[in-house]
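Below you'll find the structure, written out as structure tokens, and then a few comments.
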Amino acid sequence: IRCQSTSTDEPKAKMNLFDNASNLLTNLLSGGRIGSMPIAEGAVSDLFDRPLFFSLYDWFLKYGSVYKLAFGPKAFVVVSDPIVARHILRENAFSYDKGVLAEILEPIMGKGLIPADLDTWKQRRRVIAPGFHSSYLEAMAKVFSKCADRTMLKFDKLLEQEESAGGKTIELDLEAVFSNLALDIIGLGVFNYDFGSITKESPVIKAVYGTLFEAEHRSTFYIPYWNIPLARWLVPRQRKFQNDLKVINDCLDGLIQNAKETRQEADVEKLQQRDYLNLKDASLLRFLVDMRGVDVDDRQLRDDLMTMLIAGHETTAAVLTWAVFLLAQHPVKMKKAQSEIDAVLGQGRTTFESLKKLEYLRLIVVESLRLYPQPPLLIRRSLTSDKLPGGYNGDKDGYEIPAGTDVFLSVYNLHRSPYFWDKPNEFEPERFLVLKESPGIEGWAGFDPSRSPGALYPNEIISDFAFLPFGGGPRKCVGDQFALMESTIALAMLLQKFDVELKGSPEDVELVTGATIHTKTGLWCKLKKRSNV
Ligand code: HEM
């Protein structure tokens with residue numbers, strides 16, 4: 001790959017993404033003075049015909065691992081490089097905030113961890129992260145299993161009905177099913193509330209989906225008209241959004257009130273030593289309310305819960321969706337997974353302990369996250385000027401970026417980089433068993449599992465930031481182990497009982513993105529009972 005250097009800053013294309021006034025001004029002041037960074041020239045059609053991250057990948061192969069994307073007066077630095085990613089996410093993490101992402105999410109998540117300003121983030125991260133301790137995760141394994149079981153029972157019932165009509169197969173949109181399953185799990189795990197969305201519809205569930213839908217609309221619509229005074233009252237979809245928020249907020253406020261009324265204060269260590277497997281309420285909310293010495297106001301708690309509800313729902317549903325999509329195209333790997341499940345679980349439920357033996361299933365989950373990372377881009381804005389390292393195939397001296405530079409860190413590009421992965425676009429869960437070598441890239445430590453001893457799942461430490469399914473550095477996902485265990489257990493319980501095929505061809509499954517990569521019209525599959533168990 002040759003990097004095409006240019007010092008001009010001519011507008012190359014128009015863009016409809018994440019526009020707003022302050023951002024525009026910042027970029028007017030800073031755009032183009034980023035040294036000799038290559039500039040991607042994209043046709044406008046590239047942006048509208050397909051998801052943005054596809055075009056970012058093509059430009060990565062053409063312009064290198066750090067390039068500038070100029071759209072009219074706006075400029076983004078696109079990073080597809082583990083050395084630069086490590087610098088932004090870990091080594092110089094506090095020189096960046098979430099930029100446009102925070103602007104979009106703030107109306108929904110308030111001062112929750114994802115959009116929070118640095119001071120609030122520091123206080124709340126210190127309190128929330130200890131909530132994901134191992135006894136909590138062990139108790140959650142039971143919740144994951146229980147909720148997955150409910151889903152399998154629903155499939156059993158549908159199949160029984162089908163069998164009485166002479167059929168053997170049911171057709172379902174598994175993406176919708178996984179979305180309901182993930183919602184039920186996150187409700188129970190975070191605030192001990194059973195949405196029961198596998199079996200019923202409710203105003204709260206509708207409001208959650210409405211809010212997610214609006215967040216996605218905002219991330220892909222180019223004029224932030226929702227900030228215009230009165231828009232929230234005059235524009236019907238904005239009125240609906242305000243109503244949806246109110247329904248969820250009322251529900252969360254009730255749960256917070258309830259938890260506070262039954263508060264039993266204790267130190268963090270004591271809280272972590274509670275008998276989680278037998279607690280009536282093992283939720284994170286219980287932990288946060290009971291923590292001694294932290295008198296957090298209701299508004300902050302609500303923002304924390306809302307953030308986790310949204311951050312932990314669609315992401316996990318997407319992992320399951322793409323894992324099934326990939327497995328359905330690789331029946332031999334599906335059979336291999338089923339053999340592992342039969343040997344480890346038989347007909348029993350997955351537990352915290354059995355999870356440790358389901359190695360192939362765990363690798364399927366991480367390989368699905370490699371090919372379909374959620375979200376495909378991490379977004380940052382520099383708070384001060386910064387010197388980015390050169391990376392492995394950019395300018396060796398690196399690049400100066402001014403304060404206010406918007407950065408897209410393309411996890412999708414990193415995960416499919418031909419420099420770090422053999423056959424990067426192929427589904428090969430086994431690849432994680434042999435990742436031992438470094439291709440000799442200066443400044444990159446290569447793959448080495450011994451850097452993260454005891455880790456059940458490959459992570460950014462093992463890969464020195466070439467594999468970043470949950471980000472890295474201080475703002476890494478707090479729910480990573482929760483999500484990985486949840487996905488592994490749900491997948492194991494599905495494949496234990498059913499054979500899954502796509503209803504149409506893989507090409508029929510159109511892909512769209514908002515915060516996550518999902519399908520345009522659902523993941524329609526055929527399910528039948530496994531014949532050989
Ligand atoms: C942050 C991915 C599930 C809560 C993040 C980040 C990523 C991520 C990439 C970093 C964002 C950034 O650096 O800009 C995922 C994926 C999930 C998942 C792929 C599922 C497979 C969950 C769950 C929870 C959760 C289940 C909560 C129960 C959060 C929170 C943050 C976060 C609170 C913000 C952390 C901070 O800024 O301190 N997630 N996540 N996530 N995630 Fe997750």
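The values are calculated or read from the model by the stated rules, or taken from the named source; none is laboratory data. What you see is a predicted model, and the numbers here were worked out from it, not measured in a lab. Please note: Cβ atoms are built from the backbone with ideal geometry, for glycine as well, and neighbour counts cover all protein chains shown.
Quick notes on this one:
Results for (1) in contact with an Asp or Glu (Cβ under 9 Å, 6 or more places away or on another chain); (2) of a type in the set (Lys, Arg); (3) within 16 Å of the ligand (Cβ to nearest atom); (4) farther than 15 Å from residue 63 by Cβ, shown as yes or no for each residue.
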| residue | (1), (2), (3), (4) |
| --- | --- |
| 377 | no, no, yes, yes |
| 380 | yes, yes, yes, yes |
| 383 | yes, no, yes, yes |
| 387 | yes, yes, no, yes |
| 393 | yes, no, no, no |
| 403 | yes, no, no, yes |
| 411 | no, no, yes, yes |
| 415 | no, no, yes, yes |
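- Close pairs (7 angstrom Cβ cut-off, 6 or more residues apart or separate chains): in a loop (DSSP other than H, G, I, E, B) and modelled with pLDDT under 95 in region 251-273, surrounded by 12 or more Cβ atoms within 10 Å (Cβ to Cβ) and among the aliphatic types (A, V, I, L, M) anywhere: 263/289
- Per-region count, region 319-337, residues away from the ligand (no atom under 16 Å from the Cβ) and in contact (Cβ under 8 Å) with a residue 40 or more places away in the chain: 7
- Where a residue in region 451-472 is farther than 18 Å from residue 85 by Cα and its partner, wherever it lies, is among the basic types (Lys, Arg) and surrounded by fewer than 20 Cβ atoms within 10 Å (Cβ to Cβ), with Cβ under 7 Å and at least six apart: 456/356
- Filter result for the condition that a residue is outside any loop (DSSP other than H, G, I, E, B) and either within 16 Å of the ligand (Cβ to nearest atom) or among the small types (Gly, Ala, Ser) (or both), over 293, 196, 187: 187
- Any hit, region 214-222, residues being of a type in the set (Ser, Thr, Tyr) and in a loop (DSSP other than H, G, I, E, B): yes
- Of all residues making up region 97-113, the number that are surrounded by fewer than 20 Cβ atoms within 10 Å (Cβ to Cβ) and near the ligand (Cβ under 8 Å from one of its atoms): 0
- When the test is whether a residue is farther than 27 Å from residue 487 by Cβ and not acidic (Asp, Glu), residue 127 does not pass it.
- Set 465, 432, 427: member being assigned to a helix (DSSP H, G or I) and either modelled with pLDDT of 95 or more or away from the ligand (no atom under 16 Å from the Cβ) (or both): 432
- Yes/no for residue 316 being within 15 Å of the ligand (Cβ to nearest atom), touching an Asp or Glu at 6+ places or on another chain (Cβ under 8 Å) and touching a residue at least 60 places away in the same chain (Cβ under 8 Å): yes
- Pick from region 344-374, criterion more than 18 Å from residue 458 (Cα to Cα) and not in a helix (DSSP H, G or I), ranking: nearest to the ligand (Cβ to nearest atom): 350
- Taking the conditions (1) assigned to a helix (DSSP H, G or I); (2) within 16 Å of the chain's Cα centre (by Cα); (3) hydrophobic (A, V, I, L, M, F, W, C); (4) away from the ligand (no atom under 16 Å from the Cβ) in turn, residue 484 satisfies each one other than (4).
- Meets criteria (farther than 30 Å from residue 498 by Cβ, crowded, with 22+ Cβ neighbours inside 10 Å and β-branched (Val, Ile, Thr)) for residue 315: no
- Here residue 54 meets the list (1) at pLDDT 85 or above; (2) surrounded by fewer than 17 Cβ atoms within 10 Å (Cβ to Cβ); (3) part of a loop (DSSP other than H, G, I, E, B) almost entirely, failing just condition (3).
- Pick from region 394-415, criterion surrounded by fewer than 19 Cβ atoms within 10 Å (Cβ to Cβ) and not aliphatic (A, V, I, L, M), ranking: modelled with the lowest pLDDT: 395
- Within region 444-462, tally of residues that are in a helix (DSSP H, G or I) and either within 12 Å of the ligand (Cβ to nearest atom) or buried (at least 21 other Cβ atoms within 10 Å of the Cβ) (or both): 0
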